[in-house]
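Inspection log for the structure reproduced underneath, given as structure tokens.
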Amino acid sequence: MTTRPRNPRSRHWFDAQDLPGFVHRSTLTPTGLHRRDFGGRPVIGIVSTWSDINPCNLNLRYLAKEVRQGVQEGGGIAFELPAMSLSENLIKPTSFLFRNLLAMEAEEMIRGYPLDGVVLLGGCDKTIPGLLMGAASANVPTIVVTSGPSIPRDTPQGVQGTGTTVWRFVDNLRSGAAGSDDFVRFEDEIMTTAGHCSEMGTASSVAAVCEALGVALLGSTMIPAPDGRRAQVARQAGRRIVEAAGQNGMRPSDILTKAAFDNAITTLCALGGSTNVILHLLALAGRVGVDLTLDRFDAIARQTPLIGDIQPSGVHLTSRLYSAGGIPTVLRRLGDLIDRGCNTIEGVELGDLLGGDRTEDTDVVRPLDRPIKPGPGLAVLRGSLAPCGAVLKASAADGALFSHRGPAYVFESVQEISDRIDDPALAITPNTVLVLRGVGPVGAMMPEWGMLPIPKYLMEQGIRDMVRVSDARMSGTAYGTAVLHAAPEAAIGGPLALVETGDIIELNVDERRLDLLVEEDEMARRRAAWMPSSQRFTRGYRALYGRHVLQADRGCDFDFLVGLDDDTMPEGLF
Ligand code: FES
Ligand code: MG
């Protein structure tokens with residue numbers, strides 16, 4: 001076997017010829033390992049969110065075997081560590097609530113065990129962000145291997161994914177263009193293979209961003225879940241993490257630099273990706289001490305055209321993007337907008353991996369000078385209704401509404417929307433600004449309710465977009481002029497709490513403004529009369545969440561998880 005540098009972490013458990021060393025080594029005898037197997041071989045954790053309650057991650061068990069094979073080929077020792085699985089559509093009240101819990105679990109597991117490197121296996125929306133935030137805090141060399149997109153259905157109506165296609169179907173149901181027979185057939189056909197949503201929803205956006213950050217193998221993330229090439233990259237990741245575990249400069253804090261985050265944001269904007277990724281990147285940056293704010297997203301969005309023609313901002317699915325060369329093609333096409341000098345976990349700079357431009361499918365990834373939209377794909381709005389910021393996925397919204405002034409109709413809960421939105425007595429018109437509040441991180445753990453439904457009678461008239469404002473999030477596969485993440489949120493007394501039905505709200509995307517046009521003395525009167533509702537949860541994780549979650553402009557991490565520890569060793573080891 002090749003000699004490798006002694007590893008800084010696992011040797012503290014396994015090298016010593018004393019009682020603790022004896023206990024640590026002999027504990028692993030049932031796994032087939034022997035004292036002579038240790039000898040400085042890198043110990044790799046395969047941290048996986050596999051669960052059969054999470055079909056987006058259904059192939060991770062198989063991929064874990066491939067990673068293990070790669071680790072062994074590279075001369076390392078692999079252990080699988082199961083982590084909480086977050087199945088987007090099934091876990092309630094919202095998977096987002098548990099992202100931070102998964103991050104805490106991953107961090108403490110990685111720090112607490114004798115690991116010199118980790119491979120993170122996840123796929124569904126919040127799994128990779130949670131794992132990566134945790135690994136970044138543990139600051140042990142890390143490679144992300146995603147589950148990959150599911151296989152879309154090829155139909156006479158075009159390829160159909162699992163997210164945007166569903167939203168469009170719901171629109172058709174509400175407008176009467178689809179009926180209950182279609183509903184039953186659709187249910188049978190819509191989600192049939194392992195893998196995450198195949199649009200540029202949150203899962204695909206996070207995956208793309210991992211390549212841009214340099215923490216996933218370049219070209220790996222858009223390989224469809226059942227494709228054998230995914231097993232190849234899993235093996236490659238296993239071999240590579242063994243090398244990286246013994247090299248300097250390979251820790252997350254070495255790779256997740258300010259320039260790497262810029263590359264990630266540029267990629268997100270170029271693909272018209274999920275607004276959820278804004279929250280995840282803000283939180284991740286906080287973990288590694290990078291000063292990232294919403295203003296940086298807006299600045300990058302202004303200079304980045306939409307070049308990826310993928311749903312929900314465009315027409316294709318990630319399968320087509322993969323055929324066109326995947327994320328490397330996007331990064332190459334972005335030219336000087338990407339900093340090629342960034343480190344990657346592959347041990348070379350991003351530019352060395354990318355090489356020069358090639359002729360690939362220019363329909364799905366356009367050249368910079370022939371974009372789908374010039375930009376911005378994303379807009380950060382501020383104003384009297386969102387002093388700390390709100391976001392809009394402009395690439396997937398109707399530009400005709402970007403300069404809009406209309407009366408608010410305020411909903412206090414999603415139940416109220418469900419009960420009343422279709423009632424013509426509310427007199428909602430296409431000009432109305434639909435407001436939902438109390439659904440921010442403290443108020444309701446920030447569910448994906450920001451794409452408020454349009455009243456049925458307006459859908460029947462052909463209205464497909466309206467201005468909507470909330471402190472909620474929106475599914476990465478959703479679309480529309482939905483102003484999201486308003487901060488500070490209503491539950492802590494943000495101005496959204498003070499809006500009354502009939503107040504005029506003004507949105508001006510060009511000027512990045514979102515204003516409530518109510519006189520200051522009237523606002524002062526309302527502010528004085530406002531009463532916070534009492535904390536709903538008094539025990540358990542939910543109580544912790546309500547007390548410590550940061551606002552959306554800081555990524556909704558917990559206040560006590562921000563910042564990097566210098567020491568990656570657990571306390572009191574010996
Ligand atoms: Fe899992 Fe969309 S539901 S990625
Ligand atoms: Mg989603």
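Worth pointing out:
- For the range 232-300, the Kirkwood hydrodynamic radius from C-alpha pairs, put into Stokes-Einstein at 4 °C and a viscosity of 1.567 mPa s, yields a diffusion coefficient of 96 µm² per second.
- Relative contact order (%) - the chain, alpha-carbon pairs under 8 angstrom, separation at least six: 14
- Cα-centre dipole for the chain with unit charges at Cβ (Lys and Arg positive, Asp and Glu negative), debye to 20: 1360
- Computed over the range 515-554, the quotient of the alpha carbon radius of gyration and 2.2 N^0.38 Å is 1.70.
- The Cα center of the range 329-396 and the Cα center of the range 168-221 differ in position by 21 Å.
- Seen from all directions on average, the range 145-302 presents a Cα convex hull projection of 11.4 nm².
- The range 202-249: C-alpha gyration tensor shape, a/c 1.5 cut-off, then a/b vs b/c: oblate
- Cα pair distances exceeding 22 angstrom across the range 1-93, given as percent: 42
- The range 40-172 has equivalent-ellipsoid semi-axes of 31, 18, 10 Å, by the square roots of 5 times the alpha carbon gyration tensor eigenvalues, sorted largest first.
- Alpha-carbon spread of the range 69-134, three principal axes, descending order, Å: 43, 22, 14
- Largest first and in whole Å, the equivalent-ellipsoid semi-axes of the range 431-470 read 24, 9, 7, each the square root of five times a Cα gyration tensor eigenvalue.
- Length-normalised contact order for the range 29-143 - Cα pairs under 8 Å, 6+ apart - percent: 31
- Across the chain: Cys residues that no other cysteine approaches within a C-beta distance under 4.7 Å: CYS197, CYS210, CYS269, CYS342, CYS388, CYS556
- Rg/Rg_globular for the range 147-190, with Rg_globular taken as 2.2 N^0.38 Å and Rg from C-alpha atoms: 1.19
- Whole-number Å³ per residue for the convex hull built on Cα positions in the chain: 152
- Pairs of lysines in the chain whose Cα atoms sit within less than 26 Å of one another amount to 8, provided the residues are eight or more positions apart or on different chains.
- Calculated on the Cα set of the range 392-438, radius of gyration then Dmax: 12.2, 33 Å.
- Extent of the range 368-509 along its three principal axes (Cα atoms, max minus min coordinate, largest first): 47, 36, 26 Å.
- The smallest convex shape that holds all Cα atoms of the range 272-381, its convex hull, gives 121 Å³ per residue.
- Listed peptides 520-531, 128-139, 484-495 by packing density, highest first (mean Cβ within 10 Å): 128-139, 484-495, 520-531
- Distance distribution note for the range 136-222: the fraction of Cα pairs above 20 angstrom is 46%.
- Looking at the chain alone, DSSP beta bridges between its own residues are antiparallel in about 45 percent of cases.
- Its Cα gyration tensor gives the range 323-420 an equivalent ellipsoid, and the semi-axes of that ellipsoid, as √(5λ) in whole Å with the largest first, are 39, 17, 15.
- The P(r) of the range 223-343 has a tail past 22 Å containing 46 percent of all C-alpha pairs.
- Whole-angstrom Cα spans of the range 434-548 along principal axes, big to small: 47, 38, 28
Only the coordinates and a few stated rules stand behind these numbers; no lab work does. All figures in this text were calculated on a predicted structure; none of them were measured in a lab. Neighbour counts are summed over all protein chains in view; Cβ atoms, including those assigned to glycine, are modelled from backbone coordinates with ideal geometry.
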